[in-house]
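Q: Supplied in structure tokens, the structure appears directly below.
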Amino acid sequence: MTARVNDAVTTSDAVITHRDPSPQSRALYWAARATLRQVYRVWPLTDAGIRGLAAVERGFTRLPHPAGVHVDQDTLGGVPAVTITPVALDSEAADRDAMANVAVLYLHGGAFVFCGPSTHRRLCSSLATGLGAPVHSVRYRKLPEVDIGAVVDDVYRAYRALSDQLPEDHRIVVAGDSAGGFLAAKLCELAARDGIRPPAALVGYSPLVDLDGELSDGPWFTRDAYQPASTVRRAQQLWSSRPHQLPGCRSMLDCDPAVFPPTLITLAAGELVETAALELTERLHAAGRTVETHRWHTAVHAFPVLDALTPESKRAGELTLGFLRRVLGG
């Protein structure tokens, strides 16, 4: 038997399914299927093709900064980053006091080949103002400049540097979308391996769970809005095309559930990463870990990155803030 939870239906102890997409979400989903999906199907993942994708972030760098935050260029462990700090407190003073010793390390998605802090600035700004905490968005190196092992090394160096510079009572939230979700989970694994300050919470938006997982397009009416399985398989070949030293697991399903802090996952129903993300959810739940996963019908991959541009992305942001306040004591 299912139970209504606000705009959603609880379909298991850890999974909440949102079944009533807004007109904006429907329009975006079908527009993405008609355009982006066709582009991604044929876009070459050659060096020249990847350089072309870099233009995406260059375009976003020209946009004005969101109001209510300071945006500063920074480095963490020698890795470039952008630090987004809320300008002032608002009426939620009690929540913000509880979050005064929280910092967020955000890792953008983009299949390890494109995007950057500029493409994710709106989302990171909303996290900063909503939590009243700084958000550090890492500009890690990408393929084909480096291999996957070097990407992981960049984000782990940034995490260790942030941990070293924060007082002992501070807590670090690691968050990311798509490929960045894999990197965020990887930090939980590596911090546990090395016995350093563990992340206090993990947030994954359409997280990549398994670098080598088998993928296939789902039923026509519910399949991933803009990621054909054939394109992701080409990306997997790129990820494995160079010899690299990737520490630990290539699949988060192979990690000990004990390394995971309280975890929030948000994904689109039917998208390519859904099966593995739901399996991770069930494994964490069965192991007694705190985990909450939201599935949204007729949504696009990593839609929370859109911030408040659709009702669903706005609601996903609100659910993220609520989850973090609960598990961090705010």
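The values are calculated or read from the model by the stated rules, or taken from the named source; none is laboratory data. Remember, predicted model here, so these are calculated numbers, not experimental data. No Cβ is skipped: glycine too gets one built from the backbone with ideal geometry, and neighbour counts run over all protein chains shown.
Q: Out of ARG295, ARG283, ARG326, which single residue is part of a helix (DSSP H, G or I) and touching a residue at least 24 places away in the same chain (Cβ under 8 Å)?
A: None of the other options fit; the residue is ARG283.
Q: Could you check how many residues of the range 230-249 are touching an Asp or Glu at 6+ places or on another chain (Cβ under 6 Å) and modelled with pLDDT of 85 or more?
A: The number of residues fulfilling the criteria is 1.
Q: Okay, moving on. Any residue at all in the range 183-197 that's modelled with pLDDT of 95 or more and under 8 Å from the mean Cα position of the chain (by Cα)?
A: Yes: one or more hits.
Q: Right, another one. List the number of the failed condition for ASP177; all other conditions in (1) under 22 Å from HIS70 (Cα atoms); (2) charged (D, E, K, R); (3) under 12 Å from the mean Cα position of the chain (by Cα) hold.
A: So the condition that ASP177 fails would be (1).
Q: Checking ALA179 against (1) out of contact with any strand residue (DSSP E or B) (no Cβ under 7 Å at 6 or more places or on another chain); (2) of a type in the set (A, V, I, L, M, F, W, C); (3) surrounded by fewer than 21 Cβ atoms within 10 Å (Cβ to Cβ); (4) within 27 Å of GLU292 (Cβ to Cβ), only one condition comes out false. Which one?
A: Status for ALA179: all satisfied but (3).
Q: Looking at the range 225-275, which of its residues are within 17 Å of ASP147 (Cβ to Cβ) and either part of a loop (DSSP other than H, G, I, E, B) or touching a His at 6+ places or on another chain (Cβ under 9 Å) (or both)?
A: Result: SER240, SER241, ARG242, PRO243, HIS244, GLN245, LEU246, PRO247, GLY248, CYS249, ARG250.
Q: Right, here's the next one. For the range 206-224, does any single residue satisfy the condition of being part of a strand (DSSP E or B) and either touching a Ser or Thr at 6+ places or on another chain (Cβ under 8 Å) or surrounded by fewer than 21 Cβ atoms within 10 Å (Cβ to Cβ) (or both)?
A: Looking through the range 206-224, at least one residue is part of a strand (DSSP E or B) and either touching a Ser or Thr at 6+ places or on another chain (Cβ under 8 Å) or surrounded by fewer than 21 Cβ atoms within 10 Å (Cβ to Cβ) (or both).
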